[in-house]
Each structure stands twice: as structure tokens, then as C-alpha cells.
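*Asks:* Before I ask anything, here is the structure I am working with.
Just so it is clear, none of the values below were taken in a lab; they were calculated from the coordinates. Keep in mind it's a predicted model, so treat the numbers as computed, not measured. Because the Cβ atoms are built from the backbone with ideal geometry, glycine has one as well, and the counts that use them run over all protein chains shown.
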């Protein structure tokens, strides 16, 4: 195992600093900010409302649509041209798929629920931060969810499984790097998003999935704390 | 062995495990998943015997038969109006349910309600596919004139109204405002002057935003007393 | 819900209050919401300058990115400044995904007028090598929550981000985005915009969404630190008299003084 000490000194299973806040976009049905190290994502939920085009509507449930976007000044290098790209459209789609399994939207047939995700600063793990923010925003909006959704980019760097890759590790050039972005349901450990760039052995992949079960505990605690910060003080009578 | 993992009145998040074992039963806002009862809601635990219910602290409006709602006319055809009630489907108000007056076939429906008019109506029917019919033909249901509209989280409506209307009565009495609270989270408010309207609005929004940690009634009363100087307003028309 | 779109009740309500000199949130007609907050350097690890502006619950973020490019042939010693506003549907129920509508195009153009055409940045000082290399500065502005008055919030966010910006280092003729110098952007003036709206015969500043939707006419006025108007845009269907315009500019000049203090 050639990669034993992480570039920023973190332990192998240690996440970067995680922060979250709920209810940050006041005119939205639900919203949240989720921060993982230097990656900062905002999510806002609008709906249930009409679906366009109408042909996309489903007769017995609402359709969940996500719109992932990186702000033009959010990338560490050159400016990112605003507007949807193939990459952002793909991330939007897998984000929706990562969230759908926990949602019960059958009370809002033929309508659409839109989640808008904006990254204001990026340092790897952007789709994961977006998913964590989106899950919080959906809970804030009051949709029926049978679990939260936690996402983080696991990595296999030169044979070592690590949690929460940052950009420096993504760009590590002294050995092979596999970037494994995953979303997981904290209670069951089930995986709802899995995308890997780079190569890793089957053993390492499974090791990463198992390690993630432990790593997301921190994310879940931060998400829970953010929701309770907004709602938890209530003792109506 | 069955085990309760939470207490009555505890605030829980979606996905949180409420109880283990088969002794407990899930009610609204909770489901059974294998051995566990879990919350599907962001809300407050309500225990009664073996039944675990979650009272939501936030939700999107879903119409139930009998709900009194505040909505506005979005569109109309020759025989009915489409009313926006803040739900994914518009509610339909048909000619026969609009008023106790007889409306002739072919009459100009805009004489009764036209685009943008607000009204208090009641949900008469919700089909399995969530088509919604409303009626205006009951006492207290009517078109709204003047006043302003505010939006709150539908989950907070029961608290804003209070037990048998007690909370909203306190707000009405101390500000002299006419207030109609729709189950759909849309509120119509009309007061004797702007100052009282703003006080009533703020009292409502404080309940909406879950700002209170203890004694909602006492805190609301204290707030109102402080802002209005303790004056009570006489009997006002029921809106 | 469409409660804000279909605002017949709200328009009547607003007019009723205005006739008594009142506004629906208790403000005076010439009063801005409080608090007005600016957070600088919010995206400092990726942008060359950034800021979030809060006016009441309206929230707008702006970020500055710089790059090296070739100047135009007819202006070989001038750098470039591009100002862009992206209306994410995150910010408002009435923004839809897809191509920009009239409102978003106008918002982008008015902000561009106040920030760029006013001559805020001294583009001659952005020249690195005449005829060959210049700095290209991009300011991207994203409203995040529309609770009214995006016109003024966007321009203020752009100005704040530009003030926050530090030029990146140049190494081997390329930009080193990981290291910033301590040098800021060359500012010639610092225009702040105030949008005055007319409802009936009343003039108001810092309109809420409901007030904005009820307006008959509006005038966005950029005022620089020498108290000179340096950008103007009229909107709304109703015409404005010379006396209206005069009053609106006077009102804007007064308000800009307050906003300058927040910067």
C-alpha cells in the first residue's frame, strides 16, 4: 500500500469538515446548504407544481427532477461557462435517482417536484454535497421520506481505500486513483448512487462500500443536527 | 423484545427509528419496516398506547374532504372555475356548487367569480386520482374582498388555529383583525389598520416558524400584549 | 403557490396602503429593508473575488474570475470586463429552467449597464502587454432568493465581489489560480444602483415582489461616488414625466449614501 499518509493529513476514514444549514432560501418550499471541506452546495425545492413538458407527468405520483449546476466562479481554475452541460445534465439525473428510493410522492400525482442544486465553491465531491443538500431540502419541505440520503466520494488511491476525496487527491499522480462517488441510505446501508472513475479491484470497491457505512455517520449526524436546529426547539404545549 | 427509542413529544427526522419489535403500531407519519417502526416525517412524536404517530412540523398541502381552504380563480370554463388551492392539481368549482343562487346555463360566470378572485371554499370531494372538487354552498364560505394574503406552512395551521380556534381568537381579539386560516396554509387577513395587521401577521409567522420552545399560547399572548399595549378589540365580523 | 403571481388582492391592498403613505411591511416609501448585509470572500478558494448580498430576505451571490486573453484589434491596450446574471430557478417560483425570459434578460442588461458601461473598472489598467495580452474579468451574478429588488441587489453584489477581488499571480505567462497577489482590481468608480418604482402617483424604493408586480413604472439609477448618475434604465408600461424622473433621481442619490455605508 503505497499511499498511507493522506495529502492533507487526514486519517484514511476521516471526512473533511462537514457543515449544514436548513431553510437558507426563504421563498423555497425547502432548502439547505451543505458543506464538505471547501465544497459548498445549496439546494432549494420548488413544487409540487406543473410538469413541463406535460408528457413527463406520471398519473399516480409526482416526478422528481434535479437541476445540478456549478456557478461560473466555483471551479478552482478557469471560469466555468454557465449553463447546462452534458456533465451537469448527467449529474442531475443520477442525483434524482439517488433520492427517489426514499421518497413517497404518491400524494401529488401528475405534478413535478424540482430540486435546484448550485455549487458556489468546489473542491471535489460536488455531486455528493449536492445530494446531501437536496435530501435536507426535501425533508425541510416536508415530503415523506423513509430515510435520509448521505453521499460522499470514496476513493482508492494506490491500493488504499479512503473516504472523501478532495481535489488534490483526485489529481494524485504518483499512483492509480479511483474516484467512487456514492450515495447511501444511513439506516440500511443501501447504495442509491454509484459512479466510479479510474480503476480499482473488486475487493477494494467492496471495501470502500463497507467503509462508507461508517463514514456517512458523520454526515447523518450533521444533517440531523441541521434539521433539529430549525425544528427541534419546538415544544408547542 | 420491543423497545421504544423515542419519547412522546420528541422531535424526529425522516428515517429515524422510533421503536424496535412488534409491539408498536405505526400511524400517520410512521411506517413499519421489518422489525422497526420508522418515521417518514419531520415532526413531533405523539404516543397513544401502542400507536406511534408523527405530527409533521413541515408539509406540503394534500386536500382532505371537509378542509376549509383559501384559494383563487386561475381559470374558468362555461360551467366551472379552476381554483388554485396550492396543491399540485387545481380544485374544480362547478356552477351548481358556487352559490345558492340559481345560475342559468350559458350565464357569464365571471359575474360570480373572475380571474384572480380569492375565496374561502370547502373541499367537497377528493377522488382516488386526486381530482379535487370544492363547494361554496355552506355558511361561512364566500368570496373575499380586500385584505391581504399570507402563506404559512400547512403543517403549522392546527397550531395557528389552536384548539377549537382558541389561538386564532386570541390574535383576532387583540388586533381586531378578521382572519381566515385555510387548511392549505393560505391565510386571508384584514384589520382595522396597518399596525394591527402587521402585529397579527407577525404573531402568525412566529407560530409558523416554530420560534417557541415552550408554551405557545403564553408566548403568543405575551407578544401580542407587548405590541398592542393590551387593548382588546370588540366583537368583529367572522370572516 | 401562485399567490404572488395572481395578485389582484395584493395590488388593491398595496394601493390602499399607499394612499395612506403606508407599505405592506410597515416601511416608509423611501425606506430600504434592514438589515442589508454583505459577506465578502464567500467563495474565496475558487473565485478571485466573491460576495453575498442580503437585502432583507433577498439574497444574491456574485463571483469574479479572471483570465489572460488577447485584446480586440481596435483597443489593443484595453482589458475586458463582462458582467453576467444567471437566473437560477432556485431563487424564485416564477423562474423556469430553460432559455432566459424578458425579465432575466433585462436584469442582466441593467446590471451590465450599472457595473460595466458606467466605467467601474479602468480597463486600461488591465493591459499586460499592449496588443498581445490583457486581463479578461468576468463577473457572474446569481440571485439565490428573490424577495424583491433583484436589480439593486445584483449590482451591489457585483460591486462587492469586484471590491473583494485580488489579481492572481502570473507565472510563465499563465495564470496561477492557486496564488493571489495583494493587488485589487483597478476601480475608476463605484456605482451603486437604486431602483425607484412608481405605483399610481407614489414613488417607492426597495420594492418587495408584490410591490414590484404592481408597479406602473420603474427607474433604475446608478450613482457613482461623486454623486453623479452614471447609468439609467426605465422599465414598466407607464410613462414617466420629467418631474417624476427628477424626483426619482433625487431619491436615488439620497439612498445611495446609505448603501455606500454598508459596503
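*Asks:* When each pair of different Cα atoms in the stretch A:85-141 is counted once in the 1/r mean, what is the Kirkwood radius in angstroms, to one decimal?
*Replies:* 12.4 Å
*Asks:* Now for a different question. For the pair residue B:145/residue C:125, report the inter-label distance in nm, with labels modelled 7 Å from Cα in the Cβ direction.
*Replies:* Those two pseudo-labels are separated by 6.3 nm.
*Asks:* Then there is this: Which whole-number percent of Cα pairs in the stretch B:68-144 have a distance greater than 14 Å?
*Replies:* Tail of P(r) above 14 Å: 55 percent of Cα pairs.
*Asks:* I need the calculated FRET efficiency for the pair residue B:137 and residue C:28, taking r as the beta carbon distance and R₀ as 45 Å, to the nearest 0.05.
*Replies:* 0.50
*Asks:* Taking beta carbons within 10 Å but only from partner chains, what does the mean come to for residues B:36-46?
*Replies:* Mean partner-chain Cβ count within 10 Å for B:36-46: 4.
*Asks:* Please work out the Kirkwood hydrodynamic radius for the protein assembly as shown, using every pair of different C-alpha atoms, and report it in angstroms with one decimal place.
*Replies:* 27.9 Å
*Asks:* Order the peptides A:212-218, C:137-143 from the highest to the lowest mean number of other Cβ atoms within 10 Å of their residues.
*Replies:* C:137-143, A:212-218
*Asks:* Taking only Cα atoms and a 10 Å spring cutoff, compute GNM fluctuations for chain A and point out the largest among A:199, A:169, A:78.
*Replies:* A:78
*Asks:* According to a simple spin-label model (label point 7 Å from Cα along Cα-to-Cβ), what is the distance in nm between residue A:207 and residue B:104?
*Replies:* Roughly 8.6 nm, to one decimal.
*Asks:* Taking all pairs of different Cα atoms in the stretch C:105-258, averaging 1/r and flipping that mean, what Kirkwood radius in angstroms comes out?
*Replies:* Taking the inverse mean of 1/r over all distinct Cα pairs, the stretch C:105-258 comes out at 17.0 Å.
*Asks:* What order do you get for C:70-81, A:101-112, A:127-138 when each peptide is scored by the mean count of other beta carbon atoms within 10 Å, highest first?
*Replies:* Descending mean neighbour count gives A:127-138, A:101-112, C:70-81.
*Asks:* Kindly rank B:118-131, C:184-197 from highest to lowest mean number of other beta carbons found within 10 Å of each residue.
*Replies:* C:184-197, B:118-131
*Asks:* Ok, one more. Could you check which residue among B:158, B:56, B:26 shows the biggest mean-square fluctuation in a GNM of chain B with a 10 Å Cα cutoff?
*Replies:* It is B:26.
*Asks:* Also, I was wondering about something else. Two-decimal Rg/Rh of chain C from alpha-carbon positions, Kirkwood Rh?
*Replies:* Result for chain C is an Rg/Rh of 1.01.
*Asks:* How far apart, in nanometres, would the label points at residue C:44 and residue C:189 be if each is projected 7 angstrom from Cα along the Cα-to-Cβ direction?
*Replies:* Calculated label separation equals 3.1 nm.
*Asks:* Also: Rg(Cα) of the stretch A:162-237 divided by 2.2 N^0.38 Å?
*Replies:* For the stretch A:162-237, the normalised Cα radius of gyration comes out at 1.45.
*Asks:* Does anyone have the angle between helix B:194-208 and the longest principal axis of chain B? Alpha-carbon axes, 0 to 90°, nearest 10?
*Replies:* Relative to chain B, helix B:194-208 is tipped by roughly 30 degrees.
*Asks:* At 222 nm, what value in deg cm²/dmol follows for chain A if DSSP H runs of at least 4 each add -39500 (n - 2.57) and the sum is divided by all its residues, to the nearest 500?
*Replies:* Helix contribution divided over all residues of chain A: -9000 deg cm²/dmol.
*Asks:* Alpha carbons only, please: Rg and Dmax for the stretch B:3-56, in angstrom.
*Replies:* Rg, Dmax (Cα atoms, Å): 9.2, 24.
*Asks:* Can you compute the equivalent ellipsoid semi-axes for the stretch A:1-133, i.e. the square root of 5 times each eigenvalue of the Cα gyration tensor, sorted largest first and rounded to whole Å?
*Replies:* Working from the Cα gyration tensor, I get semi-axes of 31, 16, 14 Å.
*Asks:* To continue, here is another question. To the nearest whole number, what is the average tally of beta carbon atoms from other chains within 10 Å of the beta carbons of peptide C:227-238?
*Replies:* 0
*Asks:* Per-residue mean of other chain beta-carbon atoms within 10 angstrom of the beta-carbon, peptide A:28-41?
*Replies:* Mean partner shielding for this stretch: 2.
*Asks:* In addition: Quote the convex hull volume per residue of the stretch B:86-239, based on C-alpha atoms, as a whole number of Å³.
*Replies:* For the stretch B:86-239, the hull spanned by Cα atoms encloses 133 Å³ per residue.
*Asks:* Would you mind checking the tilt of helix C:102-112 against the longest principal axis of the Cα atoms of chain C, expressed as 0 to 90 degrees and rounded to 10?
*Replies:* With both axes taken from Cα atoms, the answer is about 50 degrees.
*Asks:* From the Cα trace of the stretch C:29-155, what convex hull volume per residue do you get, rounded to a whole Å³?
*Replies:* 134 Å³
*Asks:* Between 0 and 90 degrees, rounded to the nearest ten: what's the tilt of helix A:86-99 against the longest Cα principal axis of chain A?
*Replies:* Long axis of A:86-99 versus the principal axis of chain A: about 70 degrees.
*Asks:* Put one equal scatterer on each alpha carbon of the stretch A:18-225, apply the Debye formula with no solvent term, and list log10 I(q)/I(0) at q = 0.11, 0.16, 0.17 1/Å to two decimals.
*Replies:* Evaluating at q = 0.11, 0.16, 0.17 Å⁻¹ gives log10 I(q)/I(0) of -0.50, -1.02, -1.14.
*Asks:* Hey, how much of the P(r) for the stretch B:148-228 falls beyond 15 Å, as a percent of Cα pairs?
*Replies:* 49 percent
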